[in-house]
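Quick notes on the structure that follows.
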Amino acid sequence: MPTTHTTRMLIIGSGPAGLSAAIYGARAGMAPIVVQGLQPGGQLTITTDVENYPGFRDVVQGPWLMQEMQAQAEHVGTRMLWDTILSVDLASTPFRAVGDSGDIYEGDVVVIATGAQAKWLGVPGEAELGGKGVSACATCDGFFYRGKKVVVIGGGNTAVEEALYLTNHSKDVTLIHRRDTLRAEKILRDRLLAHPHIKVLWNKAVSRFSGDPASGGLKAVEMIDTVTGAASSIETDGAFVAIGHAPATELFKGQLELDENGYLIVEPGTPKTAIPGVFACGDVMDHVYRQAVTAAGTGCMAALDAERFLASRAFAEAQREAAE
């Protein structure tokens with residue numbers, strides 16, 4: 001029989017944003033429930049070396065970091081439930097979600113922390129060499145390629161920004177684009193094309209990442225010319241796929257406002273959505289920074305705002321009762 005789980009704070013998603021919200025929410029006495037989703041722990045569970053999360057002098061492993069966050073959340077009173085939310089109803093309170101298990105989850109407030117996934121090319125070698133030379137985040141992994149050859153694949157703002165960022169670590173950056181013009185904003189295009197350490201390969205579609213995952217990782221990126229069909233390759237130490245991200249917002253279409261790229265829209269500088277009591281944090285609402293530490297920060301903000309929302313509502317109800 002399906003079970004109904006009730007809580008003051010329902011958190012959908014269990015990456016750095018969701019678990020940080022849980023830690024703060026639990027410490028505030030809201031006894032949060034976290035529904036973990038398809039990828040408990042979020043994107044960090046598929047990230048090997050994490051070198052830029054504050055508090056650790058040495059490199060830590062992404063899965064270990066998320067295990068520690070979960071353990072902390074549970075220690076202060078969070079309930080972790082393994083389920084995948086299939087539908088939500090945000091029209092009235094308590095807010096209601098239904099899981100793949102059939103269980104129902106009800107919360108006085110909802111924190112949406114469903115995250116986003118990097119878009120991948122889907123070519124041979126990409127999955128096998130992930131974390132071994134192939135990445136989707138230059139700001140996360142660029143440091144590992146100091147003084148080495150790197151390539152970036154894409155032609156929009158993300159790709160151009162990643163290429164420019166990588167010049168902080170490498171003097172040999174190549175942008176590979178399947179067309180003959182960039183889709184990025186003009187100011188970014190101009191900066192990239194004028195940069196002495198970046199060259200562009202036009203009309204090239206990546207067909208394979210070559211290397212040995214067991215010894216040495218990525219060695220080369222193989223390409224097909226989109227005009228002539230000719231095959232070519234470029235040797236490289238690192239490849240960054242930068243063709244965008246897909247936020248996990250399908251559940252909320254028609255109930256919450258999304259931007260042109262599918263990210264949840266929040267009140268500037270806050271995690272507040274247009275529905276009072278519904279908050280969004282982490283990569284599901286952030287298409288700019290997309291870092292574990294910024295996701296954790298917005299999770300903290302969501303919990304603090306949720307606590308204030310519930311306190312304000314309780315005060316208003318007490319005032320009404322006193323007036324009666």
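Checked against the criterion of being of a type in the set (Gly, Ala, Ser) and surrounded by 21 or more Cβ atoms within 10 Å (Cβ to Cβ), the candidates Gly131, Gly147, Gly125 yield just one match: Gly125.
Criterion applied to Glu74, Glu51 was being modelled with pLDDT of 95 or more, surrounded by fewer than 19 Cβ atoms within 10 Å (Cβ to Cβ), over 17 Å from Cys281 (Cβ atoms) and of a type in the set (D, E, K, R), and the one residue passing it is Glu74. Restricting attention to the stretch 17-33, the residues that are touching an Asp or Glu at 6+ places or on another chain (Cβ under 9 Å) and more than 12 Å from Ala302 (Cα to Cα) add up to 4. On inspection, Ile23 does not qualify as β-branched (Val, Ile, Thr), assigned to a strand (DSSP E or B), in the same structural domain as Ala292 (by TED's automatic domain parsing) and in contact (Cβ under 8 Å) with a residue 12 or more places away in the chain. Could you tell me whether the stretch 69-85 includes any residue that is in contact with a Leu (Cβ under 9 Å, 6 or more places away or on another chain), within 18 Å of Ala22 (Cβ to Cβ) and of a type in the set (Gly, Ala, Ser)? Within the stretch 69-85, one or more residues are in contact with a Leu (Cβ under 9 Å, 6 or more places away or on another chain), within 18 Å of Ala22 (Cβ to Cβ) and of a type in the set (Gly, Ala, Ser).
From the list Leu44, Leu38, Leu81, which one is loosely packed, with under 14 Cβ neighbours inside 10 Å, aliphatic (A, V, I, L, M) and either closer than 27 Å to Ile275 by Cα or in contact with a Pro (Cβ under 8 Å, 6 or more places away or on another chain) (or both)? The unique qualifying residue is Leu38. Do we find a residue being closer than 25 Å to Met301 by Cα and among the charged types (D, E, K, R) anywhere in the stretch 107-124? Taking every residue of the stretch 107-124 in turn, at least one turns out to be closer than 25 Å to Met301 by Cα and among the charged types (D, E, K, R).
Scanning the stretch 139-164 for residues that are small (Gly, Ala, Ser) and farther than 19 Å from Lys204 by Cβ gives Gly142, Gly147.
On inspection, Val293 does not qualify as in contact with a strand residue (DSSP E or B) (Cβ under 6 Å, 6 or more places away or on another chain) and in the same structural domain as Gly25 (by TED's automatic domain parsing). Determine whether Gly77 is assigned by TED's automatic domain parsing to the domain that holds Ala302, assigned to a loop (DSSP other than H, G, I, E, B) and free of Cβ contacts under 8 Å to residues at least 24 places away in the same chain. So Gly77 fails the test.
For the stretch 253-303, how many residues meet the condition of being among the polar types (S, T, N, Q) and within 23 Å of Gly62 (Cα to Cα)? It would help to see each step written out before you state the result.
Just the residues of the stretch 253-303 that are among the polar types (S, T, N, Q), to begin with: 255, 261, 270, 273, 291, 294, 298.
With the extra rule that they be within 23 Å of Gly62 (Cα to Cα), the set shrinks to 291, 294, 298.
Qualifying residue count for the region: 3.
For the stretch 211-298, the strands (runs of 3 or more DSSP E) that sit wholly inside it and include 2 or more residues that are exposed (fewer than 13 other Cβ atoms within 10 Å of the Cβ) and modelled with pLDDT of 95 or more are 231-235.
Would you be able to say whether some residue in the stretch 48-64 is over 30 Å from Gly142 (Cα atoms) and among the acidic types (Asp, Glu)? Spell out the reasoning first.
Quick first cut of the stretch 48-64, residues over 30 Å from Gly142 (Cα atoms) only: none.
Among the residues of the stretch 48-64, not one is over 30 Å from Gly142 (Cα atoms) and among the acidic types (Asp, Glu), which makes the answer no.
The values are calculated or read from the model by the stated rules, or taken from the named source; none is laboratory data. Computed from a prediction, not measured in an experiment: that's the story for all the values here. Neighbour counts run over all protein chains shown; Cβ positions are idealised from the backbone, glycine included.
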